[in-house]
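The values are calculated or read from the model by the stated rules, or taken from the named source; none is laboratory data. Bear in mind the structure is a predicted one, so any value in this text is a computation, not a measurement. Note that we place each Cβ from the backbone using ideal geometry, even for glycine, and neighbour counts take in every protein chain shown.
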Amino acid sequence: MTQVGIDANPLRVAIIGAGPSGFYVADHLFRQRELVVEVDMFDRLPTPFGLVRAGVAPDHQKIKSVTKVFDRIASRPNFRFYGNVEFGAHVTLADLRQHYHQICYTTGAQTDRHMGIPGENLERSHSATEFVTWYNGHPDCRHCTFDLSQERVAVVGVGNVAVDVARILSRTPEELAKTDIADYALDALSYSRVKEIYLLGRRGPAQAAFTTPEAKELGELMDASVAALPEEVELDSLSRSALERNPDQATIRKIEILQEYALHKSTGKSRKLIMRFLVSPVELMDNDAGQVAGMRLVRNELYATEAGTLRPRHTDQFEELPVGLVFRSVGYRGVPLPGVPFNEKWGVILNEKGRVINPETRQPVVGKYTAGWIKRGPTGVIGTNKPDAAETATCMIEDVAVGLTLRPQQPEVAAAEQLVRACQPNYFTYADWLRLDELEVTRGKAAGRPRIKFTCVEDMLAALGR
Ligand code: NAP
């Protein structure tokens, strides 16, 4: 058999998921001079970029400029995008095995973790991911509804996603109107009666997962003040010693910012964002109509585990927070893919350095790889995916060198395209996406916004005259 990855016999790779990790894997493969690679990238949405489009907050436009890098990768002649094509629905693993030497799963973490408390499934209790995908115009969530007539809202968790949610709830319609937030969300939020937003951390300020610039930004909102309770932002003795042992400057600055918030006087702004620490929800209360009417909180104290990590422990002190709307923001979670070994506990594809592992033999499955959040779990910023993708791509290249690839019957570009056309005649190419992108930006210009998104697949198809 001719060696795979040379001129006459290019390495054919299918990447499932067009988010940042998918693009970074493609980029790393393309940089190998000695290897001729053809990448076909599949996504169930017609639009690429995963969480850069559907996760990054609309008021964080600068972060989205990373898409220029992805455009450059996609402009390679040996790159193809098959959007609006769902793995497991339109194309199966068996189909892909016919056409590719390697398959790399980069599907991210599409759902969220639960708190596991009574009342969590009441109406007006939502996941942050649902709210985030809604305001970002993801077709799956455009019909979601949130009762923004409630005056008090709790966001559980103090990661960057929780801060995004709290910030979007705190922004004025004027602030939001400058962003690419979905039109329907802009409309709904402009009627919002939300006045108090509680951000709830189960540990102390030194353990808050949000980053320092995000903490600072909360103090710069046009019509929302930010507050914290002095006794909750004062460091306990365990956190103080941990910080003395490891004086991380970003954490020190973050604590200072939170302590400044605790000193804030009333500002006359119409909304208030209250940061709470060392509290855990133990129950969401019902208003007898199946809707959230409040939250029971327990006060926590910190203890050190044997490994030295500071964990929260419930005390016997409780309080009630009269909130009518709750968003849990306690972490994303990966979703299993048909036929792909999955670690249920961690919500990731079973893998070693990106090589998919057979759960029975504990050996790598030939030709199958993974990168990004579905490989390592939902941690890190967009840039974290670059070294992570490089690790996976390195395994892919090593395996090609020793002949460990799938043996596709029809590795030609045209054969794969024919398959896609037969399974999903309405697939989107990258050129289709670029046309859609231009239309969105043009619609946005007229309204002084970065873009106005298409939020339903039918509208995207219609916009391209299909
Ligand atoms: P995260 O950073 O892991 O934060 C999860 C939060 O949920 C933590 O505060 C965690 O507290 C808390 N939590 C977990 N289980 C809980 C429970 N049962 N009860 C109460 N609280 C609980 O996750 P994320 O906010 O979803 O963000 C995911 C990743 O995307 C992060 O790496 C984040 O930095 C990144 N991101 C970055 C940006 C940005 O750069 N602007 C924006 C959005 C997201 P413990 O720490 O106590 O476990």
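Applying a threshold of 6 Å to beta carbon distances and a minimum spacing of six or more residues, or different chains, the list of pairs starting in region 259-270 at a residue that is in contact (Cβ under 8 Å) with a residue 12 or more places away in the chain and ending at one that is in a helix (DSSP H, G or I) reads Gln259/Val233; Ala262/Pro230; Ala262/Val233.
Each residue in region 448-466 was checked for being closer than 15 Å to Pro58 by Cβ and out of contact with any helix residue (DSSP H, G or I) (no Cβ under 9 Å at 6 or more places or on another chain), and 1 pass.
Regarding Ala154, is this residue more than 18 Å from the chain's Cα centre (by Cα) and in a strand (DSSP E or B)? Taking the combined requirement at face value, the residue satisfies it. Has region 104-117 got any residue that is touching a residue at least 24 places away in the same chain (Cβ under 8 Å), closer than 20 Å to Glu38 by Cα and touching a Phe, Trp or Tyr at 6+ places or on another chain (Cβ under 6 Å)? Within region 104-117, one or more residues are touching a residue at least 24 places away in the same chain (Cβ under 8 Å), closer than 20 Å to Glu38 by Cα and touching a Phe, Trp or Tyr at 6+ places or on another chain (Cβ under 6 Å).
When you look at Pro336, is it in contact with a Leu (Cβ under 6 Å, 6 or more places away or on another chain), closer than 30 Å to Val91 by Cα and surrounded by 15 or more Cβ atoms within 10 Å (Cβ to Cβ), yes or no? It is false that Pro336 is in contact with a Leu (Cβ under 6 Å, 6 or more places away or on another chain), closer than 30 Å to Val91 by Cα and surrounded by 15 or more Cβ atoms within 10 Å (Cβ to Cβ). Which one of the conditions (1) farther than 22 Å from Gly334 by Cβ; (2) away from the ligand (no atom under 11 Å from the Cβ); (3) touching a Pro at 6+ places or on another chain (Cβ under 9 Å) does His143 fail to meet, given that it meets all the rest? If we test His143 against (1) farther than 22 Å from Gly334 by Cβ; (2) away from the ligand (no atom under 11 Å from the Cβ); (3) touching a Pro at 6+ places or on another chain (Cβ under 9 Å), just (3) comes out false.
Number of residues in region 118-150 that are in a loop (DSSP other than H, G, I, E, B) and over 19 Å from Val194 (Cβ atoms): the value is 8. Restrict the check to region 428-442 and report whether at least one residue is in a loop (DSSP other than H, G, I, E, B) and at pLDDT 95 or above. Yes, because at least one residue in region 428-442 is in a loop (DSSP other than H, G, I, E, B) and at pLDDT 95 or above. Quickly run through region 204-217 and pick out the residues that are surrounded by fewer than 22 Cβ atoms within 10 Å (Cβ to Cβ) and not acidic (Asp, Glu). Gln207, Ala209, Thr211, Thr212, Pro213, Lys216 - these are the residues of region 204-217 that are surrounded by fewer than 22 Cβ atoms within 10 Å (Cβ to Cβ) and not acidic (Asp, Glu).
Just one residue in the set Leu297, Leu302, Leu284 is of a type in the set (A, V, I, L, M), within 18 Å of Arg328 (Cβ to Cβ), within 11 Å of the ligand (Cβ to nearest atom) and surrounded by 17 or more Cβ atoms within 10 Å (Cβ to Cβ); that residue is Leu297. Filtering region 342-358 to residues that are among the hydrophobic types (A, V, I, L, M, F, W, C), assigned to a strand (DSSP E or B) and farther than 21 Å from Arg97 by Cα leaves only Val348. When the test is whether a residue is within 11 Å of the ligand (Cβ to nearest atom), hydrophobic (A, V, I, L, M, F, W, C), within 18 Å of the chain's Cα centre (by Cα) and over 27 Å from Met285 (Cα atoms), Ala128 does not pass it.
Kindly establish whether Glu151 is farther than 19 Å from Gly50 by Cβ, charged (D, E, K, R), in contact (Cβ under 8 Å) with a residue 12 or more places away in the chain and in contact with a Gly (Cβ under 8 Å, 6 or more places away or on another chain). Considered against the rule, which asks whether it is farther than 19 Å from Gly50 by Cβ, charged (D, E, K, R), in contact (Cβ under 8 Å) with a residue 12 or more places away in the chain and in contact with a Gly (Cβ under 8 Å, 6 or more places away or on another chain), Glu151 comes out as yes. Taking the residues in region 53-84 that are more than 16 Å from the ligand (Cβ to nearest atom) and among the polar types (S, T, N, Q) as candidates, determine which candidate is farthest from Pro450 (Cα to Cα). If we take residues in region 53-84 being more than 16 Å from the ligand (Cβ to nearest atom) and among the polar types (S, T, N, Q), then Asn78 is farthest from Pro450 (Cα to Cα). No other residue among Ser170, Ser239, Ser192 is crowded, with 16+ Cβ neighbours inside 10 Å, more than 24 Å from Trp134 (Cα to Cα), hydroxyl-bearing (Ser, Thr, Tyr) and touching a residue at least 40 places away in the same chain (Cβ under 8 Å) apart from Ser239. Do we have any residue at all in region 202-217 that's closer than 19 Å to Leu310 by Cβ, among the acidic types (Asp, Glu) and touching a residue at least 12 places away in the same chain (Cβ under 8 Å)? No: region 202-217 contains no residue that is closer than 19 Å to Leu310 by Cβ, among the acidic types (Asp, Glu) and touching a residue at least 12 places away in the same chain (Cβ under 8 Å).
With a requirement of 3 or more residues that are of a type in the set (Gly, Ala, Ser) and closer than 21 Å to Asp59 by Cα, the helices (runs of 4 or more DSSP H) lying completely within region 160-270 that satisfy it span 160-170, 183-190. Taken as a whole, the condition of being closer than 25 Å to Ser127 by Cα, of a type in the set (D, E, K, R) and touching a Ser or Thr at 6+ places or on another chain (Cβ under 8 Å) does not apply to Asp43.
I'm trying to understand the selection: among the residues of region 359-399, which are under 29 Å from Glu34 (Cβ atoms) and either in a loop (DSSP other than H, G, I, E, B) or touching a Leu at 6+ places or on another chain (Cβ under 6 Å) (or both)? Those that are under 29 Å from Glu34 (Cβ atoms) and either in a loop (DSSP other than H, G, I, E, B) or touching a Leu at 6+ places or on another chain (Cβ under 6 Å) (or both): Gln363, Val366, Gly367, Ala371, Gly372, Ala393.
The set of residues from region 288-322 being charged (D, E, K, R) and part of a strand (DSSP E or B) comprises Arg296, Arg299, Glu301, Arg311, Arg313, Asp316, Glu319, Glu320. Cβ-Cβ distances below 7 Å connect the following pairs, each with a first residue in region 427-449 that is farther than 21 Å from Leu176 by Cα, a second residue that is part of a helix (DSSP H, G or I) and hydrophobic (A, V, I, L, M, F, W, C), and a separation of six or more residues or different chains: Tyr427/Val420; Tyr430/Ala74; Leu436/Met460; Leu436/Ala463.
Residue by residue, here is whether (1) at positive phi; (2) surrounded by fewer than 17 Cβ atoms within 10 Å (Cβ to Cβ); (3) under 23 Å from the mean Cα position of the chain (by Cα) holds:
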residue: Val365; (1), (2), (3): no, no, no
residue: Ala371; (1), (2), (3): no, no, yes
residue: Gly380; (1), (2), (3): yes, yes, yes
residue: Val420; (1), (2), (3): no, no, no
